[in-house]
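The values are calculated or read from the model by the stated rules, or taken from the named source; none is laboratory data. Model, not experiment: these values are computed from the prediction. Ideal geometry is used to build each Cβ from the backbone, glycine not excepted, and the neighbour counts take in all protein chains shown. Accessible surface areas use protein heavy atoms only, side chains included; no ligands, DNA or RNA. Shrake-Rupley method; radii C 1.70, N 1.55, O 1.52, S 1.80 Å.
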Amino acid sequence: MQKYIALLILVIPGIIAGLGIKWMRDAVFGELVPQLQFIWLQFFLGFIFFVFGVIFIGGYILHREKKNKRAQEHFMKKNNTKKNDKS
């Protein structure tokens, strides 16, 4: 069951990113989506959807790689700086 939930977590942002690419492409070629009134708004929303989808999927994959200790050392480092106590 967990694998199906994980698949849904990745598929939904993937569909949103794909919709964003489609809206940007349509805006470049001048085809307006009926729900939107301006081409520039369609392109902007498409860009936002695309960026959201890519960042979400990338963050999810990075989280899984960190959890399985397969990420690069740069991403595995934690900020363990100690404060200088003058007490």
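In the stretch 17-24 there is at least one residue that is within 30 Å of Met76 (Cα to Cα) and modelled with pLDDT of 95 or more. Under the condition of being under 25 Å from Gly59 (Cβ atoms) and open to solvent by 90 Å² or more (accessible area, probe 1.4 Å), the residues counted in the stretch 26-46 number 1.
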